[in-house]
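Taking it in order: structure first as structure tokens, then the write-up.
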Amino acid sequence: MADNIARVFADAITTDPTRPLLTWYDDASGDRTELSGATLANWVAKTANLLVDEVGLAPGTPAGVLLPPHWQTAAVLLGCWSAKLAVVDTPGDVDVLFAAADRLDEAQSWSADERYALGLSPLAAPLRQVPPGFADYVVEVRRHGDHFTPQPGPGPADGPLLARAQSRATELGITPGARILIDTARYPDPVDWLLAPLTQAATVVLCANLNPASLAARTTTEQVTHTLP
């Protein structure tokens, strides 16, 4: 396997970039969003270009991410890792911060030069009101290019993250090419819901506020081969 997250992601979508890679459900809102590998790669490239071209961040720069499991979170994280940033989740000094709109109070504990808020709304709708001191991620990121070429080699934490992801894939029974259903309440760590599947070129059905009554039908409809325990 490759030694860096950007390469692992690229390898995971190379065989068929058009297949559904990440399908997002929220049973509370009824939201469903399906992203092919090519579509997610587009969002990842735009995010990396935002960070490098607009914000001017260099490899190793710390980035804070205060986001729940979500398809936009996947774009942010993979964009940061493609730009070779050091993603952190402990309050402190960072150069850029991404925060969910319902975690802005928590974001005050961070010192960041650039701040982006995410409403995580259906169809990536913009925020109705942008919080003071923040920019709207989905508005800003759309202005950037669809292609990004990562620098060669691993980012500052790629090795340990990928080692954990491979270990978790084994522990969770994720096999190569599988289609995995994941309950976000049980698996909030992106190593579990994002990186572990990518190391196996698996695809993900990511479910928030999972309604147990819908599980059997969804498993059939989405052609799920494995549900995380």
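A few remarks follow.
- Of the residues making up the stretch 184-215, those that are of a type in the set (Gly, Ala, Ser) and at pLDDT 95 or above are Ala185, Ala196, Ala201, Ala202, Ala208, Ala213.
- Annotation note: of Asp16, Asp11, the sole residue that is under 25 Å from Thr219 (Cα atoms), exposed (fewer than 15 other Cβ atoms within 10 Å of the Cβ) and more than 14 Å from the chain's Cα centre (by Cα) is Asp16.
- Those residues of the stretch 187-196 which are assigned to a loop (DSSP other than H, G, I, E, B), touching a residue at least 24 places away in the same chain (Cβ under 8 Å) and touching a helix residue (DSSP H, G or I) at 6+ places or on another chain (Cβ under 9 Å), in sequence order: Tyr187
- A search for C-beta distances below 6 Å between a residue of the stretch 95-112 that is of a type outside the set (Gly, Ala, Ser) and any residue that is part of a strand (DSSP E or B) and open to solvent by 60 Å² or more (accessible area, probe 1.4 Å), counting only pairs 6+ apart in sequence or on different chains, returns Asp95/Asp113; Val96/Glu114.
- Restricted to helices (runs of 4 or more DSSP H) entirely inside the stretch 50-165, those with at least 2 residues that are open to solvent by 50 Å² or more (accessible area, probe 1.4 Å) are 104-107.
Conditions (1) closer than 20 Å to Val205 by Cα; (2) of a type in the set (Phe, Trp, Tyr); (3) out of contact with any His (no Cβ under 8 Å at 6 or more places or on another chain), marked per residue:
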| residue | (1), (2), (3) |
| --- | --- |
| Ala2 | no, no, yes |
| Ala6 | no, no, yes |
| Phe9 | yes, yes, yes |
| Asp16 | yes, no, yes |
| Ser36 | yes, no, yes |
| Ala41 | yes, no, yes |
| Lys46 | no, no, no |
| Gly60 | no, no, yes |
| Leu77 | yes, no, yes |
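- Residue within the stretch 120-131 that is closer than 30 Å to Val224 by Cα, touching a residue at least 40 places away in the same chain (Cβ under 8 Å) and in contact with a His (Cβ under 9 Å, 6 or more places away or on another chain) present: yes
- No other residue among Thr175, Thr170, Thr184, Thr149 is over 17 Å from Gly79 (Cβ atoms), without any contact (Cβ under 8 Å) to a residue 12 or more places away in the chain and not charged (D, E, K, R) apart from Thr170.
- Test for Gly173: is it surrounded by fewer than 16 Cβ atoms within 10 Å (Cβ to Cβ) and touching an Asp or Glu at 6+ places or on another chain (Cβ under 9 Å): no
- Assessment of the stretch 23-44 against the conditions (among the aliphatic types (A, V, I, L, M), surrounded by 22 or more Cβ atoms within 10 Å (Cβ to Cβ) and assigned to a helix (DSSP H, G or I)) yields at least one matching residue.
- Members of the stretch 208-229 that are part of a loop (DSSP other than H, G, I, E, B) and closer than 21 Å to Gly173 by Cα: Leu210, Glu222, Gln223, Val224, Thr225, Leu228, Pro229
- Just one residue in the set Glu54, Glu34 is of a type in the set (D, E, K, R) and touching a residue at least 24 places away in the same chain (Cβ under 8 Å); that residue is Glu54.
- Within the stretch 192-229, the set of residues being surrounded by fewer than 17 Cβ atoms within 10 Å (Cβ to Cβ) and under 30 Å from Gly64 (Cβ atoms) comprises just one member, Asn209.
- Here Leu181 meets the list (1) hydrophobic (A, V, I, L, M, F, W, C); (2) in a loop (DSSP other than H, G, I, E, B); (3) more than 22 Å from Ala6 (Cα to Cα) almost entirely, failing just condition (2).
- Matching entry among Asp89, Asp11, Asp31, Asp53 (being within 23 Å of Ala125 (Cβ to Cβ) and of a type in the set (D, E, K, R)): Asp31
The values are calculated or read from the model by the stated rules, or taken from the named source; none is laboratory data. Owing to the predicted nature of the structure, the values given are computational and were not obtained by experimental measurement. Every residue, glycine among them, receives a Cβ derived from its backbone with ideal geometry; neighbour counts consider all protein chains shown. The accessibility values were calculated without ligands, DNA or RNA, using every heavy atom of the protein model including side chains. Shrake-Rupley method; radii C 1.70, N 1.55, O 1.52, S 1.80 Å.
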